[in-house]
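Okay, structure first, notes after.
The values are calculated or read from the model by the stated rules, or taken from the named source; none is laboratory data. Keep in mind the model is a prediction, meaning the values are calculated, not measured. Don't worry about glycine lacking a Cβ; one is built from the backbone with ideal geometry, like all the others, and counts go over all protein chains shown. For the accessible areas, the whole protein counts, side chains as well, though only heavy atoms, and no ligand, DNA or RNA atoms are used. Shrake-Rupley method; radii C 1.70, N 1.55, O 1.52, S 1.80 Å.
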Amino acid sequence: MRVYNTMTRKKDEFVPVNAGKINMYACGPTVYNYFHIGNARPFLFFDVVRRYFTYLGYDVTYVQNITDIDDKIIEQANQEGSSFEDIAKRYTQAFFDDLKLLNINPADYNPKATEYIQQMIELIDILVKKGNAYEANGDVYFAVESIPTYGKLSGKNLEDLQAGARVEANTQKKNPADFTLWKKAKEGEPKWDSPWGEGRPGWHTECVVMSRKMLGQTFDIHGGGVDLVFPHHENELAQAYALDGRPLANYWMHNGFLNIDGNKMSKSLNNFFTTRDIMKKYDPEVIRFFFLSKHYRSPIDFNEDIIIESKKALANFYSVFKEVDILNLELDSIDKSAFISTVEAFKEAMDDDFNTAKALASLFDLAKEAKAKKNSIEVRQAAAVTLLELGKVLGFFSNLEKTLETSVDQHAEKLIELLISYRLDAKKEKNYALSDKIRKDLLELGIELQDTPQGTIWKIKD
Ligand code: AMP
Ligand code: ZN
């Protein structure tokens, strides 16, 4: 198996620290709002990484932190006139609720930053005593020059970083590129006692403490979106090196951005859609398909046309299951040997740095075989059952019975599309009585229409 490693900038052969065991950590959400559909990409991708390793027979321990203290949380609390704890609690719950809808299994451990403040203080204290960090007026900074390898993960050199950081002109710092480990409390902010006075730890310390605590000094995979490479992961790594000269993780994996009109979707640019809102419009399984149809490192445009294509592809899979009446098959008794080579192709794609796009292509092959009239019913059933098993590895088909009950076959789908086109004609002729009637009558049949800039879409009413 080969995994692209941001540290080496190439696909490395994957060798876990302990045979048969995988320890992985992915940075989790800062809980001050609902997460947007860009944030959903790493959450969903690392869920697939974990699922695939589990499928291969590894014992996986997956840790994902919750950042429950941060400037943005405090800001949100001030805006709403509530406490930072209330904000964090509300959006932590929303995070888990949304993961569940997306069929993303929660991590084995979800440590919260506020539960590890004492350990963070201890870590910072060690770094100060070792000479890797220094205090200045109640703040504590990490001295980047104390680590010869600083910048290695992100491929940045110290001179450039110094020049870049000088703009900020923080005179307290010995080197402009030094980063904060402990922040002195400002008036009215949540604070904790420390050897340097009241304050709170910085974000970069949070993840080092919690990952090492739960997964050991060097674990296998550390992941997140590509925006975390610098400064967050570089700074985590620097602290780990300073502590014991060992890398924090052996493989650093980063997903590409979800873009919108060519820009990264982000809360600060205010160009985002919450995953929650998108899930009102599209089935979460369609969103999963949308993401996995691209390689995780490639940027992906939030493009509703592709989402609609994803919906069609999934509908095709479900029609396969319907045709072979999969719910009434004795799955274990099906001889799937005819499709061993497809399973191999699937694995080959996933073993090549989790190429889910290619893995999905092997599922299309299965769907084709399952529908080919030239094949015997046994072969078609075997193809369908193999499709089901491999699809589950990617997190699809988790609710087969319910989805099949509510899914429509392709003829019905074409009829719905036809009615939508008649409704559009009626609207063009200003025959609103008729267009409204079409919408209302479909709704009575449990089919809900929604007009979007991309045209009218439909979904089965919840
Ligand atoms: P945050 O809550 O901002 O720390 O982000 C949580 C996760 O989402 C991190 O792994 C980020 O790297 C990732 N992320 C943020 N924006 C995007 C985006 N537009 N596309 C893909 N990943 C993103
Ligand atoms: Zn982190």
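Some points to look at:
- Among the residues making up the stretch 226-252, those that are in contact with a Leu (Cβ under 6 Å, 6 or more places away or on another chain) and among the small types (G, A, S) are A240, A242.
- Q119 vs. criteria modelled with pLDDT under 95, open to solvent by less than 70 Å² (accessible area, probe 1.4 Å) and not charged (D, E, K, R): no
- Some residue of the stretch 229-252 being under 22 Å from D353 (Cα atoms), within 9 Å of ligand 1 (Cβ to nearest atom) and assigned to a strand (DSSP E or B): no
- Selection of the stretch 328-367 for residues being at positive phi and among the aromatic types (F, W, Y) yields only F354.
- Those residues of the stretch 204-225 which are over 18 Å from the mean Cα position of the chain (by Cα) and among the β-branched types (V, I, T), in sequence order: T205, V208, V209, T218
- Candidate set: the stretch 205-228, residues that are more than 22 Å from L44 (Cα to Cα) and without any contact (Cβ under 8 Å) to a residue 40 or more places away in the chain; chosen: the one farthest from ligand 1 (Cβ to nearest atom): Q217
- Any hit, the stretch 170-177, residues being charged (D, E, K, R) and at pLDDT 95 or above: no
- Against the conditions (1) closer than 27 Å to Y34 by Cβ; (2) among the basic types (K, R); (3) within 16 Å of ligand 2 (Cβ to nearest atom), K264 satisfies every one except (3).
- Whichever residue in the stretch 46-63 is within 16 Å of ligand 1 (Cβ to nearest atom) and open to solvent by less than 10 Å² (accessible area, probe 1.4 Å) and, among such residues, is nearest to K264 (Cα to Cα): F46
Okay, residues lined up against (1) surrounded by fewer than 18 Cβ atoms within 10 Å (Cβ to Cβ); (2) closer than 30 Å to T6 by Cα:
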site	(1), (2)
P299	yes, yes
K312	yes, no
Y318	no, no
D335	yes, no
I340	yes, no
V343	yes, yes
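- Selected residue (only one of Y25, Y34 is over 30 Å from G151 (Cβ atoms), modelled with pLDDT of 95 or more and hydroxyl-bearing (S, T, Y)): Y34
- Breaking point among (1) open to solvent by 70 Å² or more (accessible area, probe 1.4 Å); (2) touching a helix residue (DSSP H, G or I) at 6+ places or on another chain (Cβ under 8 Å), for A133: (1)
- Only a single item in (1) over 12 Å from L387 (Cβ atoms); (2) aliphatic (A, V, I, L, M); (3) open to solvent by less than 80 Å² (accessible area, probe 1.4 Å) is not met by V324, and it is number (1).
- Selection count where residues are part of a loop (DSSP other than H, G, I, E, B) and open to solvent by 30 Å² or more (accessible area, probe 1.4 Å), scope the stretch 8-45: 11
- Qualifying position, being farther than 20 Å from K72 by Cβ and more than 16 Å from ligand 2 (Cβ to nearest atom), among A315, A249, A238: A315
- Against the conditions (1) away from ligand 2 (no atom under 16 Å from the Cβ); (2) more than 23 Å from K267 (Cβ to Cβ); (3) in a helix (DSSP H, G or I), Q93 satisfies every one except (2).
- Failed criterion for L153 (all others in (1) under 23 Å from I66 (Cα atoms); (2) under 26 Å from the mean Cα position of the chain (by Cα); (3) open to solvent by less than 60 Å² (accessible area, probe 1.4 Å) hold): (1)
- The criterion of being surrounded by fewer than 22 Cβ atoms within 10 Å (Cβ to Cβ) and closer than 22 Å to L228 by Cβ holds for Q76.
- Per the conditions (1) open to solvent by 10 Å² or more (accessible area, probe 1.4 Å); (2) aliphatic (A, V, I, L, M); (3) within 27 Å of the chain's Cα centre (by Cα), the sole criterion not satisfied by L102 is (1).
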